[in-house]
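The values are calculated or read from the model by the stated rules, or taken from the named source; none is laboratory data. Owing to the predicted nature of the structure, the values given are computational and were not obtained by experimental measurement. As a convention, Cβ positions derive from the backbone with ideal geometry for all residues, glycine included, and neighbour counts pool all protein chains shown.
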Amino acid sequence: MNVVQAVREVRAFLGSDRRLTFALVLALIAAATSVVIPLLLARMTDIIFSGVVGTKLAHGAGDLGDIADRLGAHAGVGIDWHSLWAVAAVVGVALVVLTSSRICGGLLVNTAVQRAIRRIRERVENKIHRLPVAALEGRRRGEVLNAMTVDVDNFSSVIGPIFVQLPVLILTILAVATMLLVISPFFALIIFATIPVTTVLAIVVLRLAKPHMERQWKTTAAITAHVEDVYSARDMIAAYDGDRQTAAEFDELNDRLQRAGQTGQTWSATLTPTLTFLNAIVFVVIAVLGALRMLEGAVTLGVLQAVVMYAQQLSSPISELTSTLPRLQSGFISFGRVRAFLGESEEDGPAVDDPVVASPGRHRMPPRIVFDDVHFGYDDKLVLMGVDLELAAGRTTALVGATGSGKTTITSLLQRFVEPSAGVITIDGEDIADMARGRVRAQLAVVTQDPWLFSGTAGENVDFGTKEGRVPDSWMIDLLLAGLPNGRDTDVSGDNDIISAGEKQLLTVARALAGDPDILILDEATSAADPRTELVIGRGLEALRHRTTTLIVTHRYSTLATADSIAVLADGRIIEHGTADELLAAGGEFARLYGVSPPE
Ligand SMILES: Nc1ncnc2c1ncn2[C@@H]1O[C@H](COP(=O)(O)OP(=O)(O)OP(=O)(O)O)[C@@H](O)[C@H]1O
């Protein structure tokens with residue numbers, strides 16, 4: 001991506017902000033003023049020089065008098081105070097304009113940049129909610145975290161330079177170059193001689209630094225992901241004495257990051273000192289040739305002073321430009337990463353900004369759910385090959401099957417985390433593929449085998465499950481929460497296991513019940529609970545029974561025995577369906593799994 005194309009893409013990505021336009025105008029005013037000031041100062045120097053020399057010069061001072069005359073000093077003519085004060089006043093105004101436009105421009109850029117960063121973070125956050133759940137499954141959390149923080153920060157650090165500094169630097173260079181050509185083409189050409197060298201140097205350095213910068217940001221993301229992985233699996237790593245292995249992985253990444261950063265920075269760091277060296281040579285040449293040409297009367301002292309000031313004004317934006325370019329390059333790499341993340345395909349809802357789905361309230365009927373010849377596979381691996389399953393309204397259906405047979409996949413399909421490759425799933429006769437995802441999920445509450453809790457109290461975690469317009473049976477929730485050490489006030493942490501796995505399950509069941517759902521999915525929801533806790537959970541669910549259509553995924557005989565019917569999944573299909581007694585009597589797959597002695 002070249003710089004111009006990248007700048008265009010960033011502009012299109014961020015849209016317009018009037019603050020940045022104002023800041024650009026102010027920066028241009030400041031640049032124009034700073035270009036005029038050396039001319040004014042040159043005029044002041046010439047007035048003072050000619051006045052002082054003219055006063056002291058005797059008439060007929062020979063060659064020296066001729067030189068002084070060509071430099072504007074006339075024997076007997078003193079300082080033109082009127083002109084001097086007039087020019088000094090203009091210089092004063094120019095300095096005030098310069099300073100105030102720089103201050104106001106800086107403030108505007110800062111506000112605009114902070115707002116732009118905020119908007120980008122919002123887009124990344126919204127994106128996370130719009131990504132298909134299945135797409136997040138294979139992703140390392142740390143990499144998403146990195147896109148949200150490091151890449152956004154790095155990209156945002158170049159927004160100001162792109163929109164304001166870069167155009168101002170380029171225009172300043174052009175304006176100063178024009179001024180130099182106007183006041184002294186001779187010195188202008190000497191100064192311009194360095195520009196091809198600078199340009200070639202900058203291009204070479206940027207090319208050499210680019211792959212290292214790309215590696216630097218990629219490795220930064222990998223390090224964030226590594227730290228996240230290690231942090232969340234801290235206990236497992238300690239239990240398996242895996243610290244050495246994870247430390248070695250970290251060292252390897254850290255080395256790679258250091259090498260990439262070091263090499264990239266080394267190339268960038270050579271640029272500015274080389275340019276300073278070139279400028280120093282130019283200043284020596286100007287000083288020597290300037291003095292000679294002044295003695296010849298070819299330039300005035302004021303013009304020479306202006307040339308030196310312009311040479312300075314030209315060299316500082318050029319070195320600023322060359323030091324900005326590697327920064328821009330690095331920012332563009334992060335921009336590419338953020339944009340790639342934001343460009344990933346989304347689900348067609350729901351998102352945080354989707355309208356809230358209205359609830360039918362208490363006067364509702366539990367729905368009838370039908371899976372009709374549903375096929376599904378992950379990539380090339382077929383998991384479901386024609387599932388026909390009915391979840392009767394207001395009834396509890398247990399789904400059993402061997403490990404990896406596709407039970408959780410069936411619950412994912414019902415939640416529209418993934419879509420069937422063939423067949424339909426209906427809720428009360430309506431194909432869920434035609435319903436907004438928000439509408440499907442608003443009816444559901446799910447308890448998975450891997451409970452998710454956020455840091456806070458048990459009560460706050462339960463309240464998270466409430467749905468608008470639904471009034472759950474609070475006695476039931478209180479009953480479940482009574483099983484926790486401090487009831488509703490029990491501290492819960494999202495990262496650390498400060499409550500037991502069984503207590504977590506109690507809590508997530510209570511959260512599901514808090515939504516008073518039409519459809520309840522319990523996927524191994526009681527796998528960690530002891531028989532007494534399972535009984536408590538069972539009582540809680542009993543209250544929901546006839547208001548809710550429930551799907552229980554379980555291997556436990558005691559849990560599935562409480563269901564109204566049992567469906568057996570094998571080879572991608574439902575091969576048996578009936579009550580526990582019927583299935584045992586039929587002597588099929590279910591009887592084979594549980595018939596001999598119920599696994600308790
Ligand atoms: N995101 C995924 N990508 C690829 N394959 C997957 C994915 N999720 C599940 N699978 C595979 O699909 C198959 C069915 O998985 P699923 O989790 O539905 O089984 P399950 O019956 O719920 O198993 P268990 O009883 O162990 O919970 C498994 O072989 C699993 O490895």
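Assorted remarks:
- Residue in the range 421-430 that is of a type outside the set (Lys, Arg), within 22 Å of Leu522 (Cβ to Cβ) and part of a helix (DSSP H, G or I) present: no
- Hey, Val446 at pLDDT 85 or above and among the aliphatic types (A, V, I, L, M) or not: yes
- Selection status of Gly361, farther than 30 Å from Thr220 by Cβ, within 16 Å of the ligand (Cβ to nearest atom) and either modelled with pLDDT of 90 or more or exposed (fewer than 15 other Cβ atoms within 10 Å of the Cβ) (or both): no
- Any hit, the range 417-440, residues being within 12 Å of the ligand (Cβ to nearest atom) and closer than 19 Å to Val133 by Cα: yes
- Test: residue in the range 324-346 that is modelled with pLDDT under 75, of a type in the set (Ser, Thr, Tyr), under 40 Å from the mean Cα position of the chain (by Cα) and more than 16 Å from the ligand (Cβ to nearest atom): no
- Members of the range 381-407 found to be in a loop (DSSP other than H, G, I, E, B) and among the hydrophobic types (A, V, I, L, M, F, W, C), listed by number: Ala392, Ala393, Ala402
- Those residues of the range 441-465 which are away from the ligand (no atom under 16 Å from the Cβ) and touching a residue at least 60 places away in the same chain (Cβ under 8 Å), in sequence order: Arg441, Ala442, Gln443, Leu444, Ala445
- Meets criteria (surrounded by 15 or more Cβ atoms within 10 Å (Cβ to Cβ), near the ligand (Cβ under 10 Å from one of its atoms), closer than 28 Å to Gly595 by Cα and in contact (Cβ under 8 Å) with a residue 24 or more places away in the chain) for Val387: no
- Scanning the range 495-510 for residues that are outside any strand (DSSP E or B), more than 23 Å from Asp478 (Cα to Cα) and away from the ligand (no atom under 15 Å from the Cβ) turns up at least one hit.
- As a summary of the residue check, Ala567 satisfies the conditions (1) surrounded by fewer than 22 Cβ atoms within 10 Å (Cβ to Cβ); (2) within 16 Å of the ligand (Cβ to nearest atom) except for the one numbered (1).
- Residue pairs meeting the criteria (Cβ under 8 Å; at least 6 apart or on separate chains; first over 22 Å from Glu589 (Cβ atoms) and touching a residue at least 24 places away in the same chain (Cβ under 8 Å), in the range 393-421; second within 12 Å of the ligand (Cβ to nearest atom) and hydroxyl-bearing (Ser, Thr, Tyr)): Val418/Thr409; Val418/Ser412
- Top-ranked residue of the range 268-280 - restricted to ones that are in contact (Cβ under 8 Å) with a residue 24 or more places away in the chain and out of contact with any Lys or Arg (no Cβ under 9 Å at 6 or more places or on another chain), ranked as surrounded by the fewest Cβ atoms within 10 Å (Cβ to Cβ): Thr276
- Flag for Leu321 being in a helix (DSSP H, G or I) and closer than 20 Å to Ala177 by Cβ: yes
- Condition met for Gly297 (crowded, with 20+ Cβ neighbours inside 10 Å, in the same structural domain as Leu180 (by TED's automatic domain parsing) and not β-branched (Val, Ile, Thr)): no
- Filter result for the condition that a residue is at pLDDT below 90, crowded, with 17+ Cβ neighbours inside 10 Å and over 18 Å from Lys407 (Cα atoms), over Leu593, Leu560, Leu583: Leu583
- Only residues that are modelled with pLDDT under 80, outside any loop (DSSP other than H, G, I, E, B) and touching an Asp or Glu at 6+ places or on another chain (Cβ under 6 Å) were counted in the range 97-144, giving 3.
- Per-region count, the range 511-552, residues touching a residue at least 40 places away in the same chain (Cβ under 8 Å), among the hydroxyl-bearing types (Ser, Thr, Tyr) and either crowded, with 24+ Cβ neighbours inside 10 Å or away from the ligand (no atom under 16 Å from the Cβ) (or both): 4
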